[in-house]
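Below: the structure, in structure tokens.
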Amino acid sequence: MNKMKRKKCGAVLLDYLLITLGVVIIASAVYFFLVPSHLVVGSISGLAIVITELTGVSMTVITMGLNVLFLLLGLIFVGKEFGIKTFYTSILLPVILGIWEYLFPDFTSIMEEPFLDMLCFCLFISIGQAILFCRNASSGGLDIAAKIVNKYFRLDLGVSLILCGTIVSLSAAFAYDIKTVVLGLLGTYLSGTVLDHILFGINSKKKVCIISKENDVIQDFVLHDLGSGATLYEAVGAFTNEVRQEIAVIVNKAEYSKLMAFISKTDENAFVTVYTVNEIIYRPKNL
């Protein structure tokens, strides 16, 4: 029991360490690339920039207020775990922004070119968002709105972010010129596209279908060495009408390498087909 508790605590600690890393990346992308060039790429931080420009209120204060509003929506529409983790990120994000403001006051653009700042921002914020979404969290704000759209309309997270972010990007017209609006729209599209690309890469798994004379040995390896499940099918050869058993197993990248190495060693004549799987929906059994 103590071992199980330690394992659970370790998993929670890892969760929050990764979430913290994701928030630091996002806050850095906002402060060092988004703010200096006055870009309004679709995000709550972009909306905060517009409101700050119009009202003069600190961006940190505005970011906190907007995050609280969207946090309540996340708790209601997405779920408790997502809400608790997002509460943590919503508090942490403006704190890190405040730290950057204190350490680097009056920070100017690194690239000295809004377009290059926008490209860097899109890359780094997409990495941070991908880390958070993979841990069932978000940075708050429009990420919550995107998660709600993703949950109820089954759209990819990147597409959901593009839809929500476009509205924010258009708000830049109230404070900036048309160039800023166009850069914001382009950045919103790029960040959503990059996010989906990263998430598909992280979440993708391999479905491996195997027909072998050593099926029992391979099945035992899958169940006990990989700790994975498998599905058995009856396959009939078209030419010989011979009935064989096919093993279908879904594995991650690390497990895939181990499985293919074992198959190659066990039966070099095995017939193997491999498919890429981007999403798996199932209800785990209660053990």
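The values are calculated or read from the model by the stated rules, or taken from the named source; none is laboratory data. None of these values were measured; they are calculated from a predicted model. Cβ sites come from the backbone with ideal geometry, for glycine too, and all protein chains shown count toward neighbours. With ligands, DNA and RNA removed, areas are computed over all heavy atoms of the protein, side chains included. Shrake-Rupley method; radii C 1.70, N 1.55, O 1.52, S 1.80 Å.
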*asked:* What does the charge count around V236 come to, taking other residues whose C-beta lies under 11 Å from its C-beta (Lys +1, Arg +1, Asp -1, Glu -1)?
replied: -2
*Relative to the first principal axis of the alpha-carbon coordinates of the chain, what is the inclination of helix 157-171, with its axis defined by its Cα atoms, in degrees from 0 to 90 and to the nearest 10?*
10
_Distance in nm between pseudo-label sites at K207 and R244 (7 Å out along the Cβ direction from Cα)_ = 1.9
*How much FRET efficiency would the formula 1/(1 + (r/R0)^6) give for E234 and Y16, where r is the Cβ-Cβ distance and R0 is 45 Å, rounded to 0.05?*
0.45
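Roughly how many Å² is the accessible area per residue of the chain, as a whole number, for a 1.4 Å probe? List each step's numbers first, then the result.
Details: 16150 Å² over 287 residues.
The answer is 56 Å² per residue.
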*Which peptide among 152-164, 135-147, 105-117 comes first, and what is the full order, when sorted by highest mean count of other Cβ atoms within 10 Å?*
135-147, 152-164, 105-117
*Size of the dipole of the range 115-202 about the Cα centre, Lys and Arg at +1 and Asp and Glu at -1 on the beta carbon, nothing else charged, in debye to 20?*
260
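What 222 nm value per residue comes from the helices of the chain, counting each DSSP H run with n ≥ 4 as -39,500 (n - 2.57) and dividing by all residues, nearest 500 deg cm²/dmol? Don't skip to the end; give the middle numbers.
Details: 10 runs with 177 residues, N = 287.
After summing the helix terms and dividing by residue count, I get -21000 deg cm²/dmol.
Scan the range 226-262 for GluC sites (Glu not before Pro) in coil per DSSP, keeping those whose Cβ has at most 12 other Cβ atoms within 10 Å, and list them by number.
Numbers: sites: E234, E242, E246, E255; in loops: E242.
Those satisfying the criteria are E242.
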*Among the aspartates and glutamates, select those whose C-alpha is under 19 Å from the C-alpha of K85, and discard any that sit fewer than 8 residues away in the same chain.*
D15, D143
*Ranked from highest to lowest mean number of other Cβ atoms within 10 Å per residue, what is the order of the peptides 23-33, 71-81?*
23-33, 71-81
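Classify the range 122-186 as rounded, prolate or oblate, taking a ≥ b ≥ c as the square roots of the eigenvalues of its Cα gyration tensor: rounded when a/c is under 1.5, otherwise prolate if a/b is larger than b/c and oblate if not. Intermediate results must be reported in sequence, preceding the final value.
Numbers: a/c = 2.51, a/b = 1.75, b/c = 1.43.
The shape class here is prolate.
Got the relative contact order for the chain handy, in percent, Cα pairs under 8 Å and 6 or more residues apart?
On the way: 423 pairs, mean separation 57.4, N = 287.
Reported relative contact order: 20 percent.
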*Relative contact order of the range 94-176: what whole-number percent is it, with Cα pairs under 8 angstrom and at least 6 residues apart?*
14
*At a 1.4 Å probe radius, carbon and sulfur cover how many percent of the accessible area of the range 130-196?*
71
*Put +1 on the Cβ of each Lys and Arg and -1 on the Cβ of each Asp and Glu in the range 132-244; which of F153, L232, L185 then has its Cα farthest toward the positive end of the dipole?*
L185
*Given the pairs K207/K258; K80/K151; K8/K207; K5/K253; K205/K258; K7/K206, which are separated by over 20 angstrom at their Cα positions?*
K8/K207; K5/K253; K7/K206
*So what's the angle, to the nearest 10 degrees on a 0 to 90 scale, between helix 142-153 and the longest Cα principal axis of the chain?*
40
*asked:* How long are the semi-axes of the equivalent ellipsoid of the chain, defined as square roots of 5 times the Cα gyration tensor eigenvalues? Whole Å, largest first.
replied: 46, 21, 17
*Can you tell me the 0 to 90 degree angle between the C-alpha axis of helix 59-77 and the longest principal axis of the chain, rounded to 10?*
40
